[in-house]
Amino acid sequence: MIEYIAYALAGILAGSVTGLIPGLHINTIALIALGLFYTYSFDPVNLSIFILSMGITHSFMDFIPSIYLGAPSSDTVLSIQPGHKMLLSGRGFEAVALSVAGGIFGIFFVMILLAVLFCIIPLVYTRIRSFIPFLLIIVQGYMIIIEKNKSGAVLVCSLSALYGIVLMNTHIISQRYTLFVMLTSLFGISSLILSYATTNKLPHQKPHFKIKLNQTLSGSFVGFVGGLVAGTLPGLGSSQSAILVQKFGRMKSRKKYITSLGTINTIDILISVFSLYMIGKARSGSAIVIQEVLEAITLDNIYLFLGIALFSTGIASLLTLKIGKVSAAHIHKINYKKMVLTIILFLALLTFMYTGFAGLLICATGIAIGVLPNLLGTKKSLLMTCLIAPTILYLTGTDCMVLKMLGL
């Protein structure tokens, strides 16, 4: 038991680092851990505990740079706009707390509904997986129809789709950093540039606030459903599931939406690991590594992982709230325009370090596309077509044909 706790604590430490540093993904650490496993013959269960704890902790921590700095990961990218708006109104720490509450309730739902999930998910998986691309097409069409500027919406979707298809299916830059460059440019830096032009300073962040239980529970449950989709169905990640949640869950409340994103982000990693047992498929990079070292996952492993998830959630949530509160208490003292410029330069430097001059050119292209929704009066969530379009092509098997048409 002490050995399990030690590996869980190591995972929590690693997840804190990956969550707080933009561009550093848990899959990178998981692959390093896999290499060490083959070199030094670690116990496979211990290594699995480390990876699971790291993933859960990362899911809490990465909302901090997303909300405070506008530096998204693929899992928190949709939190930038509502989270940053709350930051600009003095409620940045509340946004972080809502994401933490969503993660906690998500784990709670998994715990109490585990037996039901084990019965339902294998049945639903076999029946619905072939309909996913058509569901995404419907959602994409609906997102355009509800816009007032429909021609602008079509332009934003078309450009972001082309941007995503090219980047996700070519090797202009390392595929390891494709999502970082793409999402940082479309959502992060573009939002920061617009914020720089319209905001002079951040207000004092409110340290005290009330979180309504009924609103948190409803948002978490909707996010729970989205997390199940992300964790079990092929080709769908947290961001795509969040789009489905936003449209079909009628997420008009900013607070409720951030809560649901926190839930999706946290349970995605847990459900993707449990999917190894339920459907025999790995749905994330971390789950693939766990499948590689364990070979066969048992019911005893499931119970152990659930306990580790609860342990990691408790510590990760406290750490996230502590760091978020300290950050909120001091962020208003910083010259906002200088901070924004520093963050933009920092993200540009990371892009150059990861991908070179080619990455900077790609980043500049993404920034140009990323400011279009604000200029055309459309929703910024339309930019998520950069992930939805490649997913649709992959699931329908038309990716090779489209790439050939594009001359790639």
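The values are calculated or read from the model by the stated rules, or taken from the named source; none is laboratory data. A quick note: this is a predicted structure, and the numbers were derived from the prediction, not measured. Note that we place each Cβ from the backbone using ideal geometry, even for glycine, and neighbour counts take in every protein chain shown.
What to note about this one:
- Checked against (1) outside any helix (DSSP H, G or I); (2) modelled with pLDDT of 85 or more, residue 55 meets all criteria but (1).
- Residues satisfying the stated conditions in the stretch 282-304, i.e. in contact (Cβ under 8 Å) with a residue 12 or more places away in the chain, part of a helix (DSSP H, G or I) and farther than 17 Å from residue 265 by Cα: 289, 290, 291, 292, 293, 294, 299, 301, 302, 304
- Scope the stretch 247-273; condition at pLDDT below 80, more than 19 Å from residue 96 (Cα to Cα) and in a helix (DSSP H, G or I); matching residues: 247, 248
- Residue pairs whose Cβ atoms lie under 7 Å apart, sitting 6 or more positions apart in sequence or on different chains, and linking a residue in the stretch 387-401 that is more than 11 Å from residue 160 (Cα to Cα) to a partner that is surrounded by fewer than 20 Cβ atoms within 10 Å (Cβ to Cβ) and acidic (Asp, Glu), are 393/399.
- Residue satisfying all of: in the stretch 64-73; in a helix (DSSP H, G or I) and modelled with pLDDT under 85; farthest from residue 316 (Cα to Cα) among these: 69
- Residue list for the stretch 164-177, restricted to those being farther than 13 Å from residue 382 by Cα and either in contact with a Lys or Arg (Cβ under 6 Å, 6 or more places away or on another chain) or buried (at least 21 other Cβ atoms within 10 Å of the Cβ) (or both): 165, 167, 173
- Filtered by the rule that a residue be under 19 Å from residue 196 (Cα atoms), crowded, with 17+ Cβ neighbours inside 10 Å and modelled with pLDDT under 85, the stretch 353-388 gives a lone residue, 380.
Here is a yes/no grid of residues against (1) within 22 Å of the chain's Cα centre (by Cα); (2) modelled with pLDDT of 85 or more; (3) of a type in the set (Val, Ile, Thr):
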site	(1), (2), (3)
110	yes, yes, yes
128	no, no, yes
132	yes, no, yes
139	yes, no, yes
180	yes, no, no
183	yes, no, no
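- Filtered residue count, the stretch 139-178, keeping only those that are in contact (Cβ under 8 Å) with a residue 40 or more places away in the chain, of a type in the set (A, V, I, L, M, F, W, C) and over 17 Å from residue 364 (Cβ atoms): 10
- Pairs linking a residue in the stretch 346-371 that is under 14 Å from residue 159 (Cβ atoms) to a residue that is modelled with pLDDT of 90 or more and surrounded by fewer than 18 Cβ atoms within 10 Å (Cβ to Cβ), with Cβ atoms under 7 Å and 6 or more positions apart or on different chains, do not occur.
- Residue 219 fulfils the conditions (1) of a type outside the set (Asp, Glu); (2) surrounded by fewer than 23 Cβ atoms within 10 Å (Cβ to Cβ); (3) modelled with pLDDT under 85 except for a single criterion, (2).
- Residue 201 being over 20 Å from the mean Cα position of the chain (by Cα), modelled with pLDDT of 85 or more and more than 30 Å from residue 407 (Cα to Cα): no
- Condition check for residue 334: in a loop (DSSP other than H, G, I, E, B) and either in contact (Cβ under 8 Å) with a residue 40 or more places away in the chain or farther than 29 Å from residue 103 by Cβ (or both): yes
- Checklist (1) more than 20 Å from the chain's Cα centre (by Cα); (2) buried (at least 18 other Cβ atoms within 10 Å of the Cβ); (3) modelled with pLDDT of 90 or more applied to residue 161, failing item: (1)
- When restricted to residues that are within 11 Å of residue 51 (Cβ to Cβ) and touching a Leu at 6+ places or on another chain (Cβ under 9 Å), the stretch 267-287 contains 5.
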